[in-house]
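Here's the structure, in structure tokens; my notes come after.
The values are calculated or read from the model by the stated rules, or taken from the named source; none is laboratory data. Nothing here was measured: the structure is a model prediction, and the numbers come from that model. FYI the Cβ positions are ideal-geometry reconstructions off the backbone, even for glycines, and counts take in every protein chain you see.
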Amino acid sequence: MIDTHVNLHHHLYHDDLVEVLARAKAGNIHGMLSICDKIDNFQAIIDIVSPLDNFWASVGAHPHEAKDHLGLTTEELIQFSKNQNVIGIGETGLDFHYGLSPEEVQIRVFETHIHSSQGTQLPLIVHTREADMKMGEILVSEHQNSNFPLLMHCYTSGKDLLKKALDLGAFVSISGIATFKNAEDVRSNIKYIPKDRLLVETDCPYLAPIPKRGQRNEPLFLNHLVEYLAEFLGRDLGDLTSELDNNFFSLFTRAKNSVAK
């Protein structure tokens with residue numbers, strides 16, 4: 001399987017990243033997309049993934065960091081995306097829960113990322129929290145201007161936004177939150193996702209799935225999530241894991257062209 005959203009540059013991996021990756025490989029996690037949360041971390045992420053087969057990176061700024069990226073331009077993001085290891089734009093989006101960046105600033109920086117995705121046709125990796133109405137408005141409006149591939153990452157928002165995103169051709173990624181006892185809304189949404197547009201992620205080091213909840217998350221734990229999803233969906237585990245890989249390469253076409261055989 002491929003973990004579609006990891007934060008390998010996080011300080012919680014500074015002491016044992018080699019061991020974390022070795023455990024993942026032994027557990028049949030054969031690829032990872034390491035996500036950029038702010039431009040200052042981009043080179044560190046590239047340094048991690050570039051020596052490794054089937055490891056990729058994104059480039060972008062998390063909505064929490066938007067206040068520090070007001071000067072970031074579409075042209076700069078496109079230039080960063082020319083690195084052969086980059087297969088996606090983001091993580092970007094809107095997060096109105098914590099308010100770590102003003103809403104209007106988040107919107108402006110988010111639109112810069114969208115325009116970069118439109119220009120490169122690299123998938124836009126979207127974080128959204130408590131911003132369903134504005135997120136839906138922006139995605140629909142921008143798609144009317146110019147198409148772009150879309151991934152709704154770690155989806156926990158409402159059904160209306162989910163349906164809008166799916167109508168735009170979005171893929172949707174599910175995290176370990178789906179295993180949490182109180183995550184009934186997340187599980188309900190999973191049933192709306194076409195099987196050829198479902199992806200999975202750890203978002204490690206955050207959101208460890210049951211039975212590892214409360215621990216530092218790591219890519220190996222993706223197995224717990226996928227085993228849970230196979231049972232929840234009534235699917236054969238082997239069939240589901242194959243489909244998840246196929247879905248990843250259907251969305252991230254640059255990764256498909258670079259995959260090690």
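Observations on the model:
- Index of the failed condition, ASP196 passing every other in (1) part of a helix (DSSP H, G or I); (2) in contact with a Ser or Thr (Cβ under 9 Å, 6 or more places away or on another chain); (3) of a type outside the set (Gly, Ala, Ser); (4) without any contact (Cβ under 8 Å) to a residue 24 or more places away in the chain: (4)
- Subset of segment 142-177 [aliphatic (A, V, I, L, M) and either touching a Lys or Arg at 6+ places or on another chain (Cβ under 6 Å) or assigned to a strand (DSSP E or B) (or both)]: LEU150, LEU151, MET152, VAL172, ILE174
- Residue pairs whose Cβ atoms lie under 6 Å apart, sitting 6 or more positions apart in sequence or on different chains, and linking a residue in segment 237-258 that is without any contact (Cβ under 8 Å) to a residue 12 or more places away in the chain to a partner that is of a type outside the set (Val, Ile, Thr) and surrounded by fewer than 15 Cβ atoms within 10 Å (Cβ to Cβ), are PHE249/LYS256.
- Considering only residues in segment 22-48 that are among the basic types (Lys, Arg) and in contact (Cβ under 8 Å) with a residue 12 or more places away in the chain, the one that is farthest from SER242 (Cα to Cα) turns out to be LYS38.
- Checking the stated criteria, SER157 turns out not to satisfy the condition of being farther than 24 Å from PHE96 by Cβ and either small (Gly, Ala, Ser) or modelled with pLDDT of 95 or more (or both).
- Within segment 121-133, the set of residues being in a helix (DSSP H, G or I) and either within 9 Å of GLY93 (Cβ to Cβ) or out of contact with any helix residue (DSSP H, G or I) (no Cβ under 6 Å at 6 or more places or on another chain) (or both) comprises just one member, MET133.
- If you check PHE221, PHE248 for being of a type in the set (Phe, Trp, Tyr), farther than 12 Å from ILE29 by Cα, buried (at least 22 other Cβ atoms within 10 Å of the Cβ) and modelled with pLDDT of 95 or more, only one passes: PHE248.
- From the list GLY93, GLY88, GLY71, the lone residue that is surrounded by fewer than 20 Cβ atoms within 10 Å (Cβ to Cβ) and among the small types (Gly, Ala, Ser) is GLY71.
- Test: residue in segment 114-127 that is over 25 Å from MET32 (Cα atoms) and polar (S, T, N, Q): no
- Among residues of segment 12-65 being part of a loop (DSSP other than H, G, I, E, B) and touching a Leu at 6+ places or on another chain (Cβ under 8 Å), the one that is surrounded by the most Cβ atoms within 10 Å (Cβ to Cβ) is GLY60.
- Check on LEU207, of a type outside the set (S, T, N, Q), closer than 23 Å to LEU124 by Cα, under 16 Å from the mean Cα position of the chain (by Cα) and in a helix (DSSP H, G or I): no
- Filtering segment 85-105 to residues that are within 18 Å of the chain's Cα centre (by Cα) and under 16 Å from MET135 (Cα atoms) leaves GLY90, GLU91, THR92, GLY93, LEU94, ASP95.
- Within segment 22-43, the set of residues being closer than 22 Å to HIS153 by Cα and aliphatic (A, V, I, L, M) comprises ALA24, ILE29, MET32, LEU33, ILE35, ILE39.
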